[in-house]
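Visitor: Attaching a single structure in structure tokens format; questions to follow.
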Number of protein chains: 2
Amino acid sequence: MRRFAADRARRAVAASLRGAASRSAAPSPHPPAPRHPAYPVGAAAMAAAMSTAAAGAPPVSLDTINPKVLKCEYAVRGEIVTHAQNLQQELQKNPESLPFDEILYCNIGNPQSLGQQPVTYFREVLSLCDHPALLDKSETHALYSSDAIERAWQIIEKIPGRATGAYSHSQGVKGLRDEIAAGIATRDGFHASGDNIFLTDGASPAVHMMMQLLISSEKDGILCPIPQYPLYSASIALHGGSLVPYFLDEEAGWGLEVDELKKQLEEARSKGITVRALVVINPGNPTGQVLAEENQKKIVEFCKNDGLVLLADEVYQENIYVEDKQFHSFKKIARSLGYTDDDLPLVSFQSVSKGYYGECGKRGGYMEITGFSPEVREQIYKVASINLCSNVSGQILASLVMNPPKAGDESFESFMLERDDILSSLARRAKALEEAFNSLEGITCNKAEGAMYLFPRLHLPQKAIGAAQAAGTAPDAYYAKRLLEATGIVVVPGSGFGQVPGTWHFRCTILPQEDKIPAIISRFKEFHEKFMDEFRD
Amino acid sequence: MRRFAADRARRAVAASLRGAASRSAAPSPHPPAPRHPAYPVGAAAMAAAMSTAAAGAPPVSLDTINPKVLKCEYAVRGEIVTHAQNLQQELQKNPESLPFDEILYCNIGNPQSLGQQPVTYFREVLSLCDHPALLDKSETHALYSSDAIERAWQIIEKIPGRATGAYSHSQGVKGLRDEIAAGIATRDGFHASGDNIFLTDGASPAVHMMMQLLISSEKDGILCPIPQYPLYSASIALHGGSLVPYFLDEEAGWGLEVDELKKQLEEARSKGITVRALVVINPGNPTGQVLAEENQKKIVEFCKNDGLVLLADEVYQENIYVEDKQFHSFKKIARSLGYTDDDLPLVSFQSVSKGYYGECGKRGGYMEITGFSPEVREQIYKVASINLCSNVSGQILASLVMNPPKAGDESFESFMLERDDILSSLARRAKALEEAFNSLEGITCNKAEGAMYLFPRLHLPQKAIGAAQAAGTAPDAYYAKRLLEATGIVVVPGSGFGQVPGTWHFRCTILPQEDKIPAIISRFKEFHEKFMDEFRD
């Protein structure tokens, strides 16, 4: 072999690496070089390439990076949070420097950061799976409940070679996926299959995977609620698609009207957008509404009739705080309408970060995909396999939250106590905050039927709007900044989620621990009243 | 408020969600509707949108998904592995049906799947951090070493609110990043900062993040070694860039020649490609070579002079098997040349999946980024924040592998024993397999100086090439399939990594446990000799 092969041969390998040629490459030992290499050739590009090197410009700048990255926004950890982190550092250096003694992060659904304790049983099992050598030791029984030990054994046996430190199957450990499917079947009363589960590091990577699959260009549209969780707008921007907004009806408790979906779909189509999918967040984020069954049926029919993939964000399925509402998965609704796997492509996202467990740091989650052809599923699998697998502790936790202890298990009673404590406290906190907001001049707030947020509307005086304008920010961002600086409370301006233009909101989690809620409410009230006094028209 | 705002207002919100307008939106309560909505309008797109809905075509098909997804390939978990999984199922159903009794997965660097045991100390600490309630109990001392308990305490104290179940800072827990930076500084003898560390779920998401940042279109090129780890080709394809290949010199022990880099860079530039970055994998994957310090210096100078980002895949930094080679990080090399943060953008990828730890299932890893402007770093941070954070157990493990027990710690001796056992056994396995391959007719194999792989070259008889052609596959894929079917050994054909056209290789890990190596070698030899007998020209 010559030290380096001829250039033409190299171009061939370059072309084959760019394309899919290697999959079924013709086995010629000396493939001819392509006559036109696959590189795009253009005078402008060439000039650009030359100038970068020649002018000694920095190799990476805002002018040269991917504009899709520049474009995307993620308000939940945006400007206001950076400002809060700076204030926190100030507070650490000089505790007397600010009119409050702690920063209260109500910007993000991160329960354990605000003091929620992890569910003991789940952590026992995780701890044992991390150090399986303990399972054989008698001393272990002094520290762990016996059903947690038993469950850890069962899990370890499901993992090939008992190797919790190995990459799993790219969809996740088969035995854990089967267990999740069993949990889904129990929840819904309809069959579920572990083959349809893709375990992921939280729900976010699953959403990205679907956006990556569905979006080829800005001509591909995704119907998204407004207001929406900004992961969706960010992911659509990163993948270069078009967000097709549909508006939730604030006056109807953030209702989702199918007429509005139809109208927006038609409007998008008339502009040459191929709408690929509908995102529904139920229970809603940031809006907290829980969809009624009848409403969900209409949504399923809409997707079926209009050939849309239904992307169902169901991560708050355990977070329901009102007696008259119940969570129904979209798969259950579709199956109850008689639709099978052949009728409707449907993806359900679930996460270990929410519910009563709130295990955000574990990055566990899954998507259940049904109604996709085998060829398309193979493509989804391929993309999953490029990242090898999601973290196995997160996989284990996902299987636990979908199959918690059962009546009769040693841990059942203490588990239920922890669970119900958290959920009932969240319900009380949601109510207390909602009532507090509604008691104030210039704020109206829908009930949080579910999820972890309130999304109050600010009816701001014109003078406040003018002050924001003078400060060069949106009025809700101005309000949130003033609130932070006066009270240490961090909320996210509504503009980060989208809102009907000319209306202003903020998102506030219901997650501060219950004993802090009265103080938060009074700090908030005091700020708000002063703010209104300052700006009342 | 009217139930729905006017359409023009909605279009405005849609436009603002697509763009960055919300960041500093002018706070007009009634923004004018854009005269030309941002949707692309075109007769072809409109016809396409209409036809999808009208013709009742399936909502998602290979014709409608993102062609970049279709294009990308990932051989390490590709066709041959699917075939192996099917054979494994066959074997479970009917153990006598095949000429072997187990499938040996030598396709992937997944040590614990082949029996490597996790390092006890690391698992003790992880187990304690998963269930911090144990830290207060006296019984815990019966099960865990006292320095693991002490370390778990230290780690828990570094996590704000001791909340291992909370989302961390989007770059990872600050205290853990600082600890990693301290480990890097000890390794290199040069300063490192926790502010430059981004903790990630394994190294793969970090690679994707950088590709996403650097690639805007096919006019952006990334210099990659051939052969390469196919994460790179897949990630470049997914992000729509151009892979600019440079060839490692097999006859010089897979040497990396800077002249070759220069030539390929110039060739790409002459075709209008703006080359953004150079990927170097050191120690090499799939090739196993360890770069010499002098060579690394030239590579750094090349990047500096030509304005390229240096993307250094250093995940095998602990896997060195020869006396005369040593790992030097590219950052150390750059600093030793006197280059500072201002001179050269440099990214180092590290993972908990490799080394002697091999904790693939934990999905821990980080990238250390230096030499980027604050504005660009902010963009990287924004993208990280969209996914909230990497899994905290993986973060903890990354901090442990960069700061293992020290002399004097209770666990130090047993830790060193476990570590050295694994590394010296890997060295012996690499040597035994290399010698076995080189002893065979028609195989030549470079030494594995490091990493976890051998990449032997197959000098196949024309008759074998013809047989592959008749079967419609590449000769090395044909060989790998025959090998699997005869022996149960899974290797990855060289075409999945790229190779000089007309040459054929396969990648084989050195990971089967040592007591199995002799049997594997004899199974392999027997197959290969028969194969050569069948096809000898």
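Visitor: Counting Lys +1, Arg +1, Asp -1, Glu -1, what net charge surrounds A:Thr444 among other residues with beta carbon under 9 Å of its beta carbon?
Guide: 0
Visitor: Let me ask something else. Quick one: if the Förster radius is 45 Å, what FRET efficiency do B:Ala292 and B:His141 give, using the C-beta to C-beta distance and rounding to 0.05?
Guide: Efficiency, from the Cβ-Cβ distance: 0.40.
Visitor: Based on the alpha-carbon gyration tensor of segment A:179-226 and its eigenvalue square roots a ≥ b ≥ c, which shape applies: rounded if a/c is under 1.5, prolate if not and a/b is larger than b/c, or oblate?
Guide: Prolate, since a/c reaches 1.5 and a/b exceeds b/c.
Visitor: I've got another one for you. Send over the Kirkwood Rh of segment B:107-160, from the inverse of the averaged 1/r over different Cα pairs, rounded to one decimal Å.
Guide: It is 12.3 Å.
Visitor: Here is a further query. Over all distinct Cα pairs, what is the inverse of the mean 1/r for segment A:105-251, reported as the Kirkwood hydrodynamic radius in Å?
Guide: When all Cα pairs of segment A:105-251 are included, the Kirkwood radius is 18.9 Å.
Visitor: Show log10 I(q)/I(0) for segment B:246-380 at q = 0.13, 0.15, 0.18, 0.19 Å⁻¹, two decimals, from a solvent-free Debye sum over equal Cα scatterers.
Guide: Normalising to I(0) and taking log10 leaves -0.59, -0.79, -1.10, -1.20.
Visitor: Please tell me the relative contact order of segment B:110-223 in percent, rounded to the nearest whole number, where contacts are Cα pairs under 8 Å and at least six residues apart.
Guide: 16 percent.
Visitor: Ok, one more. Count neighbours as other Cβ atoms within 10 Å of each site's Cβ, and list the trypsin sites (Lys or Arg not before Pro) in segment B:189-273 that are DSSP loop with at most 16 such neighbours.
Guide: For trypsin sites (Lys or Arg not before Pro) across segment B:189-273 that sit outside H, G, I, E and B with at most 16 neighbouring Cβ atoms in 10 Å, the list is empty.
Visitor: Under 14 Å between alpha carbons, and skipping anything fewer than 8 positions from A:Lys447 in its own chain: which aspartates and glutamates qualify?
Guide: The qualifying aspartates and glutamates are A:Asp249, A:Glu250, A:Glu251, A:Glu323, A:Asp324, A:Glu434, A:Glu435.
Visitor: Then there's this: Work out, step by step, the length gained on full extension between B:Arg377 and B:His459: first 0.36 nm times the residue separation, then minus their alpha carbon distance; give nm to one decimal.
Guide: Here the answer is 24.8 nm.
Visitor: Just for the Cα atoms in chain B, what are the lengths along the principal axes, largest first, rounded to whole Å?
Guide: 81, 67, 55
Visitor: Go through segment A:230-251 and flag every residue whose accessible area shrinks by 50 Å² or more with all protein chains in place compared to the isolated chain (probe 1.4 Å).
Guide: The answer is A:Leu243, A:Phe247, A:Asp249, A:Glu251 - residues whose exposure falls by at least 50 Å² when every protein chain is included.
Visitor: Summarise the partner chain shielding of A:256-266 as one whole number: the mean count of Cβ atoms from other chains within 10 Å of each residue's Cβ.
Guide: Rounded to a whole number, the mean comes out at 1.
Visitor: Going by a 1.4 Å probe on protein heavy atoms, which residues of segment B:76-113 end up with at least 40 Å² less accessible surface in the whole assembly than in their chain alone?
Guide: By number: B:Arg77, B:Gln112.
Visitor: Could you state the accessible area per residue of chain B in Å², with a 1.4 Å probe and every protein chain left in place?
Guide: Ligands and nucleic acids excluded, the figure is 35 Å² per residue.
Visitor: log10 I(q)/I(0), Debye, Cα-only segment B:222-274, no solvent, q = 0.14, 0.15, 0.16, 0.21 Å⁻¹?
Guide: Rounded to two decimals, the profile gives -0.38, -0.43, -0.49, -0.78.
Visitor: What's the Cα-based Rg to Rh of segment B:241-325, Rh via Kirkwood?
Guide: Dividing the radius of gyration by the Kirkwood radius yields 0.97.
Visitor: Any idea how far apart B:Arg428 and B:His83 come out in nm if each label point goes 7 Å out from Cα toward Cβ?
Guide: The two pseudo-label positions are separated by 3.3 nm.
Visitor: Roughly what would the spin-label model give for B:Lys406 and A:Ser61, points 7 Å off Cα along C-beta, in nm?
Guide: Label-label distance for B:Lys406 and A:Ser61, simple model: 4.4 nm.
Visitor: Would you work out the Kirkwood radius for the protein assembly as shown? I mean one over the mean of 1/r across all pairs of different Cα atoms, in Å.
Guide: After inverting the mean inverse Cα-Cα distance, the result is 30.1 Å.
Visitor: Under Stokes-Einstein, with the Kirkwood radius over Cα pairs standing in for Rh, what whole-number D in µm²/s applies to segment B:484-525 at 10 °C and 1.306 mPa s?
Guide: 135 µm²/s
Visitor: Using the Cα centre of segment B:135-260 as the reference point, and only Cβ charges (+1 on K/R, -1 on D/E), how large is the resulting charge dipole? Debye, rounded to the nearest 20.
Guide: Dipole magnitude for segment B:135-260 comes out near 740 debye.
Visitor: So what's the net charge close to A:Asp420: Lys and Arg +1, Asp and Glu -1, counting the other residues with Cβ under 13 Å from its Cβ?
Guide: -2
Visitor: With label points built 7 Å along Cα→Cβ from the Cα atoms of B:Gln154 and B:Gln92, find their separation and express it in nm.
Guide: Result for the modelled spin labels: 4.3 nm.
Visitor: Computed over the Cα atoms of segment A:425-478, what is the convex hull's projected area averaged over all directions, in nm²?
Guide: Reported value for the Cα convex hull: 4.1 nm².
Visitor: Using a label point 7 angstrom from Cα along Cα-to-C-beta, what distances in nm, from shortest up, separate B:Gln513 from the other copies?
Guide: Reported distances to equivalent positions: 4.7 nm.
Visitor: Calculated FRET efficiency, A:Glu102 and A:Val322, Cβ-Cβ r, R0 30 Å, to nearest 0.05?
Guide: 0.45
Visitor: Now for a different question. I'm a student and want to see the number: the projected area of the Cα convex hull of segment B:60-170, averaged over all directions, in nm².
Guide: Over all viewing directions, segment B:60-170 projects a mean Cα-hull area of 13.3 nm².
Visitor: Okay, next question. If N is the number of residues in segment B:378-537, what value comes out of its Cα radius of gyration divided by 2.2 N^0.38 Å?
Guide: That ratio works out to 1.39.
Visitor: Follow-up question, since we're still on this one. Greater than 23 Å separation of Cα atoms is the criterion. Which listed pairs, A:Lys71/B:Lys158; A:Lys297/A:Lys406; A:Lys68/A:Lys219; B:Lys354/B:Lys481; B:Lys331/B:Lys431, meet it?
Guide: Check vs 23 Å cut-off fails for A:Lys71/B:Lys158; A:Lys297/A:Lys406; B:Lys354/B:Lys481; B:Lys331/B:Lys431.
Visitor: Residues with beta-carbon under 13 Å from that of A:Ser385, excluding A:Ser385: net charge, scoring Lys, Arg +1 and Asp, Glu -1?
Guide: 0
Visitor: Over 19 Å, how big is the tail of the calculated P(r) for segment A:358-437, in percent of all Cα pairs?
Guide: For segment A:358-437, the fraction of Cα-Cα distances above 19 Å is 62 percent.
Visitor: If you take each beta carbon of peptide A:494-505 and count the beta carbons of other chains within 10 angstrom, what is the mean?
Guide: Average neighbour count from other chains, rounded to a whole number: 5.
Visitor: Please report, as a whole percent, how much of the solvent-accessible surface of segment B:246-296 comes from carbon and sulfur atoms (probe radius 1.4 Å).
Guide: Carbon with sulfur: 42 percent of the solvent-accessible area.
Visitor: What residues in segment A:384-404 lose 10 Å² or more of accessible surface when the other protein chains are added to their chain alone (1.4 Å probe)?
Guide: A:Ser385, A:Ile386, A:Asn387, A:Leu388, A:Cys389, A:Asn391, A:Val392, A:Ser393
Visitor: Let me ask something else about it. Going 7 Å from the Cα of B:Ser217 in the Cα-to-Cβ direction, what parts of segment B:257-295 have a backbone nitrogen less than 16 Å from that spot?
Guide: Only B:271-276 fall inside the zone, counting backbone N under 16 Å.
Visitor: How many percent of DSSP beta bridges within chain A run antiparallel, rounded to 5?
Guide: Expressed as a percentage, antiparallel bridges in chain A total about 50.
Visitor: Going 7 Å from the Cα of A:Lys530 toward and past its Cβ, which residues in segment A:57-99 have a backbone nitrogen under 15 Å from where you end up?
Guide: Label zone hits: A:97-99.
Visitor: To the nearest hundred square angstrom, how large is the accessible surface buried between A and B, total for both chains, probe 1.4 angstrom?
Guide: 13800 Å²
The values are calculated or read from the model by the stated rules, or taken from the named source; none is laboratory data. These numbers were taken from a predicted model, which means no experiment stands behind them. Cβ: placed from backbone, ideal geometry, glycine included. Neighbour counts: every protein chain shown. Accessible surface areas use protein heavy atoms only, side chains included; no ligands, DNA or RNA. Shrake-Rupley method; radii C 1.70, N 1.55, O 1.52, S 1.80 Å.
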